[in-house]
Amino acid sequence: MARRALVVGNGGREHALVRALASTGWTVFAAPGNPGIAADADVRDIPVSDHAGLVALAADEGVDLVVVGPEAPLVAGLADALRAAGITVLGPSREAAQLEGSKAFAKEVMIAAGVPTGRSQTVGSVEEGMAAVAEFGLPVAVKADGLAAGKGVVIAQSADEARAALEAMIDEGVFGDAGRTVLVEEGLIGPEVSLLAISDGTAVARFPAARDYKPIGEGNTGPNTGGMGSVSPVPDIPDHLADQLVNEVHRPVIAEMARRGIPFSGVLYAGLMMTPGGPRVLEFNVRFGDPETQALLPRVTGDLGEVLLAAAAGGLDDAPVSVAPGASVAVVQAAANYPGDPRTGDRITGVAEAQATGAEVFQAGTALDADGALVTAGGRVLAVQALGDDVEQARQRAYAAASLIHFDGMQMRRDIAAGMS
Ligand code: AMP
Ligand code: GLY
């Protein structure tokens with residue numbers, strides 16, 4: 001009988017997961033999903049915060065595996081609730097999810113494990129923070145400790161900017177209580193890379209390196225977004241270097257977590273900066289990256305679900321995830337005004353035409369209107385992904401397919417994966 005999975009979440013990352021599982025013969029449920037996901041999975045309208053509802057769905061449908069997409073439910077203990085009900089889940093416990101849920105905790109683990117990361121200090125007042133700024137010099141990173149939906153990091157170019165960020169986080173509590181503890185970190189420079197690996201708590205299986213394009217504007221200008229596109233591989237991070245980074249970063253962290261009695265199983269995503277002084281970990285995420293996953297998963301050969309299941313249940317092969325040679329590029333199409341409050345309700349056309357070219361169109365912020373037409377319903381609306389023999393071919397295919405899709409106010413960077421090969 002076909003294996004059954006439940007994918008929790010409603011974005012492009014979850015659509016890519018659902019597509020990968022469904023295309024290898026899995027029966028897939030998704031909650032809460034979106035109209036694109038509904039084409040590949042049985043979608044149930046249960047929010048990610050409804051842990052009891054998700055546990056009941058997984059139990060009722062007898063799924064073999066639950067994959068949790070976003071970080072918030074992991075930090076809130078969804079994996080624990082599922083495990084307590086005897087359900088196999090890919091995702092860390094609430095305690096282990098603190099690697100993403102608390103930047104101060106992640107720093108402490110990295111230091112204990114000897115993992116290369118920027119010098120930093122955890123502070124609880126503006127004055128303490130300014131003392132750390134004086135010590136590290138400018139530019140300096142000011143980071144809210146807790147989850148801040150990707151908005152909790154300010155790179156301050158002046159002492160005034162650093163003070164303003166510290167005041168907003170600590171005195172005004174713009175990121176809530178979890179943001180009143182702040183990490184001040186030395187400013188680092190260099191290309192960034194996302195290195196994702198899955199673990200069952202001991203073994204580590206990495207994906208190829210990927211790159212995410214965070215700023216809204218071409219040439220990496222303007223405010224940060226959730227990510228405007230992604231590419232894999234990253235030519236400056238060949239496989240042997242990725243293996244080395246996993247040995248220097250993921251393995252020691254996973255060993256340190258096990259030593260502390262809080263084993264980490266799930267996806268450990270290291271956001272790295274390749275500085276002239278060597279790699280430095282900027283942050284950990286405890287789940288698949290978005291949009292990196294939309295570029296990575298279409299490269300996977302074989303049954304991704306079996307690999308995810310092995311990580312979730314124990315007994316994962318300690319070897320990189322098998323991927324096809326070549327490259328993959330995903331280009332995000334975002335709604336008007338994003339990353340501000342996105343305009344919604346704009347009609348989307350051309351998705352089927354784009355897919356007919358052989359590209360994948362992963363849906364994120366989409367909905368069906370009263371007439372059943374596909375409309376924008378969030379910041380990042382779609383990601384158009386294509387494979388190629390090399391980055392340039394994948395990029396050209398992705399943009400050719402993307403050009404067939406239209407909605408009013410669309411924002412799309414034209415320089416994703418440009419100039420890489
Ligand atoms: P994070 O959420 O910690 O990955 O930070 C978000 C973004 O801020 C990163 O992708 C980097 O572009 C930037 N960033 C984070 N830490 C630093 C740092 N110490 N120096 C310079 N830029 C940083
Ligand atoms: N690509 C950034 C993230 O998933 O947080």
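The values are calculated or read from the model by the stated rules, or taken from the named source; none is laboratory data. Computed from a predicted structure; not experimentally measured. Neighbour counts run over all protein chains shown; Cβ positions are idealised from the backbone, glycine included. Ligands, DNA and RNA are excluded from the accessible area calculation, which covers all protein heavy atoms including side chains. Shrake-Rupley method; radii C 1.70, N 1.55, O 1.52, S 1.80 Å.
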field: Surrounding net charge for residue 308, when Lys and Arg each add one and Asp and Glu each subtract one, Cβ distance under 11 Å
entry: -3
query: Rounded, prolate or oblate: which fits the range 231-363, taking a ≥ b ≥ c as square roots of the Cα gyration tensor eigenvalues, rounded meaning a/c under 1.5, else prolate when a/b beats b/c?
result: prolate
- prompt: Rolling a 1.4 angstrom probe over the protein heavy atoms, how many square angstrom per residue are accessible across the range 119-208?
  reply: 42
message: Give me the dipole magnitude in Debye, nearest 20, for the chain about the Cα centre, with unit charges on the beta carbon: positive for Lys and Arg, negative for Asp and Glu.
response: 300
- line: For the range 13-125, the Cα convex hull volume per residue in Å³ comes to 149
- request: Have a look at the range 83-213 and give its Rg and Dmax from the Cα atoms, expressed in angstrom.
  value: 16.5, 52
field: Solvent-accessible ranking of 94, 83, largest area first, probe 1.4 Å
entry: 94, 83
- request: Could you check how much of the accessible area of the range 255-314 is carbon and sulfur, as a whole percent, using a 1.4 Å probe?
  value: 55
field: J(HN,Hα) series, the range 328-333, from Karplus relation 6.51 cos²θ - 1.76 cosθ + 1.60, nearest Hz, glycine and proline x
entry: 9, 10, 10, 10, 8, 10
task: Using a/c under 1.5 as the rounded threshold, could you call the chain rounded, prolate or oblate? The axes a ≥ b ≥ c are square roots of the C-alpha gyration tensor eigenvalues, and prolate needs a/b larger than b/c, oblate otherwise.
output: rounded
task: Using just the helices of the chain, give the 222 nm mean residue ellipticity in deg cm²/dmol: DSSP H runs with n ≥ 4 each add -39,500 (n - 2.57), and the total is spread over all residues, rounded to 500.
output: -7500 deg cm²/dmol
message: For q values of 0.13, 0.17, 0.26 Å⁻¹, compute log₁₀ I(q)/I(0) with the Debye formula on a Cα-only model of the range 152-219, without solvent.
response: -0.63, -0.88, -1.08
task: Measure off, as a whole percent, the carbon and sulfur share of the 1.4 Å-probe accessible area of the range 1-146, all protein chains present.
output: 50
- request: List the equivalent ellipsoid semi-axes of the range 158-287 in whole Å, largest first, each obtained as the square root of 5λ for an eigenvalue λ of the Cα gyration tensor.
  value: 28, 21, 14
field: Phi-based couplings in Hz for the range 65-79 (Karplus 6.51, -1.76, 1.60; Gly and Pro marked x)
entry: 7, 10, 10, 9, x, x, 7, 4, x, 5, 5, 8, x, 4, 5
message: Counting heavy atoms of the protein chains only and a 1.4 Å probe, report the per residue accessible area for the range 18-70 as a whole number of Å².
response: 36
field: Mean shadow area of the range 203-259, taken as a quarter of the surface of its Cα convex hull (nm²)
entry: 5.2
